[in-house]
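Scroll down for the structure; my scribbles are underneath it.
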Amino acid sequence: DAGVTQSPTHLIKTRGQHVTLRCSPISGHKSVSWYQQVLGQGPQFIFQYYEKEERGRGNFPDRFSARQFPNYSSELNVNALLLGDSALYLCASSLRTGARTGELFFGEGSRLTVL
Amino acid sequence: AQKVTQAQTEISVVEKEDVTLDCVYETRDTTYYLFWYKQPPSGELVFLIRRNSFDEQNEISGRYSWNFQKSTSSFNFTITASQVVDSAVYFCALSEVTSGTYKYIFGTGTRLKVLA
């Protein structure tokens, strides 16, 4: 079975541009969450979606948005990119939502560099 | 406020030594889950263990063991007889649900280097 897949794996953007990152969860998983990991830090929670509805949001500005599609895949969008948005963006899938979910299954991430 | 603290930023040990990674958490919830994840150089976080706030039974799984103590809000992780392949960044994480909203908080990680 395929794990969590993310695309693109690497990308370079300039300040002010927009980026869309994509994630396909493990088959059968209905929950997708997004994390930002700046170099040398732990992952920071951005969003969680379950059954196409937002179920959690971290402390990120409105420039960050996401959605989940009927096939449970997800997109993370970041507008008006800043240098500080440079990071590894991780997607994780799980069977359900909330603390009872158990473990998260992570993809290898999309590394975004903003110049 | 919810918080996970991993005071050890980097630990180096020689192969076959035992090593303990510390994790201290803060939460106001009575129901929560604690996790350990491993992040090898490839970047993908790998799940190691989950514990809920009502289960303080410690566990041993192969060379890994965990010590959960609610009285000190600690959830420490020990690798016995460490191997070079254990070299990675290890993250402790806290998961809780408040008013139906999910939240998952990671510590800053401990980089473990196991030297041959």
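The values are calculated or read from the model by the stated rules, or taken from the named source; none is laboratory data. Quick caveat: nothing in here was measured; it's all calculated off a predicted structure. Heads up, the Cβs are rebuilt from the backbone with ideal geometry, glycines too, and the neighbour counts pull from every protein chain shown.
Would it be correct to say that residue B:47 is buried (at least 18 other Cβ atoms within 10 Å of the Cβ), in a strand (DSSP E or B) and touching a residue at least 12 places away in the same chain (Cβ under 8 Å)? It would help to see each step written out before you state the result.
Working: buried (at least 18 other Cβ atoms within 10 Å of the Cβ): no; in a strand (DSSP E or B): yes; touching a residue at least 12 places away in the same chain (Cβ under 8 Å): yes.
Against the criterion (buried (at least 18 other Cβ atoms within 10 Å of the Cβ), in a strand (DSSP E or B) and touching a residue at least 12 places away in the same chain (Cβ under 8 Å)), residue B:47 does not qualify.
Can you confirm whether the stretch A:10-22 contains a residue that is facing chain B (nearest Cβ under 10 Å), within 14 Å of residue A:109 (Cα to Cα) and touching a strand residue (DSSP E or B) at 6+ places or on another chain (Cβ under 7 Å)? I'd like the intermediate steps shown before the answer.
Let us first name the residues in the stretch A:10-22 that are facing chain B (nearest Cβ under 10 Å), namely none.
No, the stretch A:10-22 has no match at all.
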Of the residues in the stretch B:24-44, those that are assigned to a loop (DSSP other than H, G, I, E, B) and among the β-branched types (Val, Ile, Thr) come to B:27, B:30, B:31
In the set B:5, B:31, the lone residue that is touching a residue at least 12 places away in the same chain (Cβ under 8 Å), over 14 Å from the mean Cα position of the chain (by Cα) and surrounded by fewer than 18 Cβ atoms within 10 Å (Cβ to Cβ) is B:31
In the stretch B:94-104, anything surrounded by 19 or more Cβ atoms within 10 Å (Cβ to Cβ) and either at pLDDT 95 or above or at the interface with chain A (Cβ under 7 Å from one of its Cβ atoms) (or both) is listed as B:95, B:96, B:97, B:102, B:103, B:104
Within the stretch B:60-93, of all residues that are within 13 Å of chain A (Cβ to nearest Cβ) and of a type outside the set (A, V, I, L, M), the one surrounded by the most Cβ atoms within 10 Å (Cβ to Cβ) is B:92
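Conditions tested, residue by residue: (1) touching a His at 6+ places or on another chain (Cβ under 9 Å); (2) touching a residue at least 40 places away in the same chain (Cβ under 8 Å); (3) hydroxyl-bearing (Ser, Thr, Tyr); (4) more than 13 Å from every other protein chain (Cβ to nearest Cβ).
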{"site": "A:47", "(1), (2), (3), (4)": "no, no, no, no"}
{"site": "A:59", "(1), (2), (3), (4)": "no, no, no, no"}
{"site": "A:65", "(1), (2), (3), (4)": "no, no, yes, yes"}
{"site": "A:70", "(1), (2), (3), (4)": "no, no, no, yes"}
{"site": "A:73", "(1), (2), (3), (4)": "no, yes, yes, yes"}
{"site": "A:77", "(1), (2), (3), (4)": "yes, yes, no, yes"}
{"site": "A:88", "(1), (2), (3), (4)": "no, yes, no, no"}
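Taking residue B:30, is it among the β-branched types (Val, Ile, Thr), out of contact with any helix residue (DSSP H, G or I) (no Cβ under 7 Å at 6 or more places or on another chain) and more than 14 Å from every other protein chain (Cβ to nearest Cβ)?
Details: among the β-branched types (Val, Ile, Thr): yes; out of contact with any helix residue (DSSP H, G or I) (no Cβ under 7 Å at 6 or more places or on another chain): yes; more than 14 Å from every other protein chain (Cβ to nearest Cβ): no.
So residue B:30 does not fit the description; no.
For the subset of the stretch A:1-30 comprising residues that are among the polar types (S, T, N, Q) and out of contact with any Asp or Glu (no Cβ under 8 Å at 6 or more places or on another chain), which member is farthest from residue A:63 (Cα to Cα)?
Selected residue: A:5.
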- Query: If you check residue B:11 against the conditions, is it over 13 Å from the mean Cα position of the chain (by Cα) and modelled with pLDDT of 90 or more?
  - Reply: yes
If we ask which residues in the stretch B:9-28 are surrounded by 16 or more Cβ atoms within 10 Å (Cβ to Cβ) and under 15 Å from residue B:77 (Cβ atoms), their number turns out to be 8
If we keep only residues of the stretch A:23-57 that are surrounded by 15 or more Cβ atoms within 10 Å (Cβ to Cβ) and either closer than 13 Å to residue A:78 by Cβ or among the aliphatic types (A, V, I, L, M) (or both), then the residue nearest to the chain's Cα centre (by Cα) is A:34
Picked from the stretch A:55-83 (must be of a type outside the set (A, V, I, L, M, F, W, C), in a strand (DSSP E or B) and modelled with pLDDT of 90 or more), the residue farthest from residue A:22 (Cα to Cα) is A:65
